[in-house]
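See below for the structure under consideration.
The values are calculated or read from the model by the stated rules, or taken from the named source; none is laboratory data. Since the structure is predicted, the reported quantities are computational estimates derived from the model, not experimental observations. Just the protein is used for accessible areas: all its heavy atoms, side chains included, with ligands, DNA and RNA removed. Shrake-Rupley method; radii C 1.70, N 1.55, O 1.52, S 1.80 Å.
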Amino acid sequence: MSRWPRTDLIDPHGGGAKVNSTGTSGAAAPPPPPLPATSRRSAEPHSAALLDLPLWRADSTVLVGQQSLLHIHTPLYVHMFDALFAQSPCGPWYFGHVRLPGGSRNLGAAEWELCRQGSCAPHVGVLMEVNRAVRLEDGKLMVIATGVARIRVVRALQSTPYSRAEAVVLHEEELLEAQHGLALAAALDAAAAPPADSSASSAAGPSSAPGAAAGGGAGVGVGMGVEAVLAAARTAAEAAATAASWPWLTYELATVRAAGWPGGPMEGTEGPADTRRLVTELVDHGVLNVVPFPDGPVVGRWDLAALAHTANTAAEAAAAAEAAAVLFPAAPPAAPSAPAAPPAQPPQEPHQQQQQQELVPPAPSPPADLVEGLTGNTRHDLLLLESRLWAELDALAVLTARVHQRRLGLPLGLLQLRPSDELVEEQMRAAAAPAAVGGDGAATAAASAAGGDGEAAAVLAGAAAGGHRPARMEVPGVGVVNGVKQAEGTAQPLQHEASEGLDVYAPAAYPLERRALRLSYAAAGIFVEGSDWDTRQELLEAGSIRQRLIAVLCQAREARKVLSAMAVLRNL
């Protein structure tokens with residue numbers, strides 16, 4: 001198993017040919033007019049940035065919740081970041097990281113243009129937030145940025161000198177399902193109470209007229225049609241999921257924002273030595289493979305109950321506004337008369353037909369034992385999969401200490417995503433079928449956590465039942481290993497092996513769906529090599545959290561099997 005990969009000094013052009021400051025030869029076509037604003041595009045800085053987002057197209061893939069250290073050395077991208085910093089001297093600064101296989105070798109090639117029919121270019125990327133930047137003596141830049149959310153490019157606005165596009169936040173199906181009830185209620189309410197001036201522009205068309213003539217809101221809802229209401233509910237769920245994500249991001253990104261440098265790129269004002277000092281400080285700061293939560297004495301405690309209320313309120317407002325906008329769209333302004341013209345080529349549609357292919361990339365079927373016990377109940381399945389992943393990580397911690405005589409060394413941000421046993425039991429009981437509620441929730445969760453072939457359970461024999469812990473090993477110079485504090489020789493009982501003396505848990509008020517979402521990205525960043533861009537892109541494009549967790553579980557199992565074989569060979 002490889003060590004935890006880091007994204008260092010990513011070259012957007014992958015060592016390919018350089019391009020000049022205009023990207024390609026010839027005059028650039030004027031950008032198309034922006035799309036009309038809808039209720040989904042709120043005043044949030046994230047949402048406003050998505051309307052016209054500069055894109056860093058590199059032969060690399062960054063995951064959500066991961067930081068990247070970028071070396072901006074080509075003129076076109078220096079110009080892009082200069083324009084970005086000039087828009088808002090105090091931030092926030094957002095750009096899109098979208099993979100371009102081959103880097104600059106494919107810049108300007110028709111088959112790699114965004115939103116072009118038949119294009120091979122990936123359209124799923126990550127919204128990035130700049131946290132620190134240093135301007136070098138020659139005008140180039142070094143930037144640390146954090147992956148905020150998954151996005152999908154829906155409309156290309158500019159291709160030269162750098163790409164700009166309209167993008168939307170792309171949610172996994174579990175996050176949309178969590179907002180389904182709220183969105184459906186909003187669509188039904190909007191259909192039953194249309195605005196007074198909506199009769200001419202109703203999405204329901206003439207079918208809503210009888211209800212309107214009767215003067216009853218319920219009549220309008222019945223005449224609206226089930227298909228129209230359900231379509232509005234689907235769109236409202238996306239708007240609600242997006243609106244709910246922004247308040248939670250203030251919590252999830254608080255640590256990196258607190259460590260950020262305000263005021264744009266730092267410049268050495270006292271000569272080259274001052275610039276080198278800033279670069280050293282930037283590099284020494286490093287990049288986080290998993291961004292930790294802010295809970296602690298340094299950043300301060302958060303009232304997650306109040307944050308959840310804020311997120312739910314924002315989701316309700318967004319769902320109501322979106323449902324009304326979809327069911328009763330505003331009438332477009334009348335176009336000025338123009339002379340007849342020959343039929344033109346139909347405008348290029350946004351990248352929709354390939355969307356489903358991107359969201360569900362082809363992959364081999366997972367082992368049957370990994371999906372054993374999955375019921376289709378979203379919350380139950382997420383709890384089961386994350387429990388199995390933690391069981392694999394615990395087994396890896398034990399095997400790593402035995403085979404390599406060192407810690408596994410999981411990042412703090414990953415350990416903070418682990419729910420306590422009590423929380424798992426409570427949530428598993430709530431997600432269980434009524435007939436199964438009377439059983440022992442803790443025993444059920446413990447029995448199914450290891451899942452699969454039972455090897456992880458063998459490594460952790462007796463842990464869930466309160467039996468003996470795995471054999472303790474004394475590792476020189478390694479603090480606490482499997483319950484032994486080496487410095488003082490006193491036993492420190494561990495609740496979980498992977499924590500290695502640092503038992504931290506996810507807050508109970510943190511939503512299960514977001515916890516599993518960030519766990520899937522954090523574990524993917526650990527088990528997939530930092531240079532394996534193809535696999536990382538597939539995991540980024542996964543349509544569901546469960547799909548990504550299953551893929552990461554396969555990687556974790558393979559790593560554990562390698563260590564188990566080494567332990568057998570060494571008779572450990």
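Considering only protein heavy atoms and a probe of 1.4 Å, how much of the accessible area of the stretch 55-186 is carbon and sulfur, as a whole percent?
Values: 2010 of 3940 Å².
Of all accessible area on the stretch 55-186, carbon and sulfur atoms account for 51 percent.
Within the stretch 234-301, what whole-number % of the accessible surface is contributed by carbon and sulfur, with the 1.4 Å probe and all protein chains included in the calculation?
Values: 1720 of 3080 Å².
C and S fraction of accessible area: 56 percent.
Return the Rg/Rh ratio of the stretch 97-143 with Cα-based radii and a Kirkwood Rh.
Values: Rg = 14.4 Å, Rh = 12.9 Å.
My calculation puts Rg/Rh at 1.12.
Does the stretch 139-184 come out rounded, prolate or oblate, given a ≥ b ≥ c as the square roots of the eigenvalues of its C-alpha gyration tensor, rounded meaning a/c under 1.5 and, failing that, prolate meaning a/b above b/c?
Details: a/c = 5.14, a/b = 1.92, b/c = 2.67.
Taking the square roots of the gyration eigenvalues as a ≥ b ≥ c, the stretch 139-184 is oblate.
What are the residues whose amide H is under 5 Å from the amide H of residue 131, where those residues sit 5 or more places off or on another chain and H is modelled from the backbone?
It is 144, 145, 146, by chain and number.
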